[in-house]
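Encoded as structure tokens, the structure appears first; notes follow it.
The values are calculated or read from the model by the stated rules, or taken from the named source; none is laboratory data. Fair warning: this is a prediction, and the values are worked out from it, not measured in the lab. Every residue, glycine among them, receives a Cβ derived from its backbone with ideal geometry; neighbour counts consider all protein chains shown.
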Amino acid sequence: MPRKRRRGKRFPQKRPRKRATETCTETCHGNVDVEKDFHRNVFIVQTTIGMFICMCIMNNESKCNRGSEKMENKNMYQDSIKQWNVYVGCHYDCVYCERSFKAQMKRQKHNCLECYRYEPHFHPERLDWRLPLTKGDEFIWACSAGDITFAKPEWIEAILEKIREMPTRTFLMQTKDPACYTQYDLPDNLLIDITLETNRDEGYKDISKAPLPSIRYHDYLEIDHPHKLVTVEPILDFDSDIFLDWIRDIEPIRVYIGYDSKKNRLPEPELDKTKVLISSLDEFVKIKTKFLRSAWWE
């Protein structure tokens with residue numbers, strides 16, 4: 001009688017495990033929304049059928065130097081615990097956005113063609129999303145994937161009304177045209193921010209169609225709000241004394257500074273010059289450094 005051939009046990013082939021990194025903190029702009037809870041070291045995945053909590057692995061870049069309250073990473077904001085993109089889109093065509101925000105939107109072709117094209121538009125269905133609580137310097141970044149300058153006023157009013165309904169949470173809005181803030185009644189739990197990469201107007205039109213830095217500076221001075229921020233990212237070469245005075249005049253409660261992380265070869269300052277600026281600013285305002293490195297030409 002022929003012997004039966006013994007077969008070894010078959011085990012299902014394991015798929016390579018993906019390492020969870022900070023890039024997973026970005027919001028998916030379709031039917032799935034992912035946020036990172038740094039305190040519990042988990043991902044919160046929100047879908048149309050419910051909310052799920054997933055374990056994750058934090059990488060070294062996700063750790064914040066809590067002693068100095070300074071951060072050095074390639075992410076836009078470590079303090080942003082949620083990107084709430086009820087509004088999406090921008091027409092400033094900044095050269096450094098091609099490899100960042102616009103590149104992210106290219107992933108949305110099968111979810112939303114307007115997101116894919118980065119056209120200004122409204123997602124009212126996202127107004128009712130469940131949003132996390134914030135503490136300390138944390139905030140929920142409203143309209144992170146666009147500039148609110150191009151939003152219809154009724155869209156922003158709807159978002160601001162939702163923000164007022166959640167006074168225990170802190171939100172942030174950011175623009176390159178601070179004059180747009182004047183048409184709204186800004187709630188107390190909203191941080192307002194401008195991008196101010198430099199004080200130099202000359203050559204800026206080669207970088208962006210946004211208002212010139214000097215116009216942004218003067219318009220921001222006119223905004224009366226207790227929670228103003230300034231973001232100097234990606235930092236461009238500047239005149240030290242003038243730029244320092246500008247930021248002092250604005251009287252922000254916080255300043256974020258960082259270099260371009262997408263290898264756009266912008267006209268940026270040498271690192272030592274930036275460090276001197278940071279040291280000077282640190283004397284009168286809270287500084288949070290982001291991605292710092294030597295200038296590409298150094």
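Quick notes
- Within the range 207-224, the set of residues being under 21 Å from the mean Cα position of the chain (by Cα), in contact (Cβ under 8 Å) with a residue 24 or more places away in the chain and buried (at least 16 other Cβ atoms within 10 Å of the Cβ) comprises Ile207, Ser208, Ala210, Pro211, Arg216, Tyr217, Tyr220.
- Total residues in the range 116-140, condition of a type outside the set (D, E, K, R) and farther than 27 Å from Tyr256 by Cα: 7
- Leading residue by the ranking (surrounded by the fewest Cβ atoms within 10 Å (Cβ to Cβ)) among those in the range 111-122 that are touching a strand residue (DSSP E or B) at 6+ places or on another chain (Cβ under 9 Å) and without any contact (Cβ under 8 Å) to a residue 60 or more places away in the chain: Arg117
- Residue within the range 62-83 that is in a helix (DSSP H, G or I), closer than 26 Å to Gly258 by Cα, over 17 Å from the mean Cα position of the chain (by Cα) and at pLDDT below 95 present: no
- Any hit, the range 246-256, residues being acidic (Asp, Glu), crowded, with 16+ Cβ neighbours inside 10 Å and within 27 Å of Asp137 (Cα to Cα): no
- Within the range 270-286, residues that are over 12 Å from Ser240 (Cα atoms) have Cβ atoms under 7 Å from residues that are part of a helix (DSSP H, G or I) in these pairs: Phe284/Arg248, counting only partners at least 6 apart in sequence or on another chain.
- Search result, residues across the range 129-181 that are among the hydroxyl-bearing types (Ser, Thr, Tyr), closer than 24 Å to Glu233 by Cβ and without any contact (Cβ under 8 Å) to a residue 60 or more places away in the chain: Thr134, Thr149, Thr170, Thr175, Tyr181
- Pick from the range 123-168, criterion part of a helix (DSSP H, G or I) and β-branched (Val, Ile, Thr), ranking: surrounded by the fewest Cβ atoms within 10 Å (Cβ to Cβ): Thr149
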